[in-house]
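What follows is calculated from the coordinates using simple rules that are stated; it is not laboratory data. Nothing here was measured: the structure is a model prediction, and the numbers come from that model. Glycine gets a Cβ as well: all are built from the backbone with ideal geometry, and neighbour counts include every protein chain shown.
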Amino acid sequence: MKGHLAVLLSLWAPLAASEEIVKNWFNDPFFQVRAAIPDCPLPLGPYGTEGDRMRETHYRNERGLRCYLEKKCTRPSSYMYDADIAAAIKARFEKSALLEGASLWVTAQRRFAYVEGCVSSPRAADEIRKLLKGVPDLEQTIVNVTRDRKSPLPYRVAGPGQRRVD
C-alpha cells in the first residue's frame, strides 16, 4: 500500500507545482448580482497572478493618486470609493427586477464598475448602464456580457491550470 501511495504522490506533485494561483490581491469588490444562467462562465474579475500583482502595484498607485492630484476626487485614492460604489450597485440590483434572467458579476475598481456575465436580452448592456447611471462617485460603467456562450467570451476567465483563491 505504501508503494501505491508513493506512486500517487509522485504523479500529483508535478500537477500541484504547475498550478497557478489567482487572487484578488488588492481586495477590489467583486460580487454576483444575478444568477439565473447556471452554465455562465465565472469572470476572472479582479483576480490575477502574482506576476499581475507585481505589474499592477505601481500603476494602481499612480492611477489612484492622479484623481486626487487632478482635484477630481476628495479622497487620496480613487480606489477608496470602491466599497461605497459596490454597496450602491448591490442596492440598485436588489431593488430592481431588471435582468432577472441573467448571470452577472460586478467588479468595482477605481470608480469604474465592470459588469460581466451572461444575458438573454439584446438590450441588457443598455439596461445595465441605465440602472447604474447616477451611482454616487461612479465614473464609468463597462459592460462585457454575452448572449452566446459558445462564442469567445467578452471577458476574461481563469485559464487552464489556474486556481482561484480567496
Exercise for the section: Just name one of Leu42, Ala91, Cys73: the one whose Cα is farthest towards the positive end of the charge dipole of the chain (beta-carbon charges, Lys/Arg +1, Asp/Glu -1). Expected result: Cys73
Problem - Charge dipole magnitude, Cβ of K and R +1, D and E -1 - the chain, Cα centre, debye nearest 20 - result: 260
Practice task
Could you work out the local net charge near Ile21, counting Lys and Arg as +1, Asp and Glu as -1, over the other residues with Cβ closer than 14 Å to its Cβ?
Solution key: -1
Practice task
With runs of 4+ DSSP H residues as the only contributors, calculate the mean residue ellipticity of the chain at 222 nm using -39,500 (n - 2.57) per run, divided by the residue total and rounded to the nearest 500.
Solution key: -12000 deg cm²/dmol
Practice task
Within the set of other residues whose C-beta is less than 12 Å from the C-beta of Ala125, count the net charge using Lys and Arg as +1 and Asp and Glu as -1.
Solution key: +1
Completion exercise
In nm, the gap between the two label points placed 7 Å beyond Cα toward Cβ at Val165 and Glu56 is 1.6
Completion exercise
Filtering the chain for DSSP H helices with an axial alpha carbon extent of at least 18 Å and a Kyte-Doolittle mean of at least 1.0 returns 2-18
Problem - Spread of Cα-to-Cα distances over 5 Å intervals beginning at zero, given as percent, for the chain - result: 1, 8, 15, 17, 17, 14, 11, 7, 4, 3, 2, 1, 1, 0
Problem - Residues with amide H under 5 Å from that of Glu20, placed H, sequence gap 5 or more - result: Gln162, Arg163
Handout entry: Ascending count of other beta-carbon atoms within 10 Å, so fewest first, for Met80, Met54
Key = Met54, Met80
Problem - Beta bridge orientation in the range 64-166: antiparallel %, DSSP, nearest 5 - result: 50
Exercise for the section: Using a 10 Å cut-off on Cβ atoms, rank the peptides 91-99, 156-164 from the highest mean neighbour count down. Expected result: 91-99, 156-164
Handout entry: Charged-residue dipole, Cβ positions (Lys, Arg, Asp, Glu), the range 122-166 about Cα centre, Debye nearest 20
Key = 280
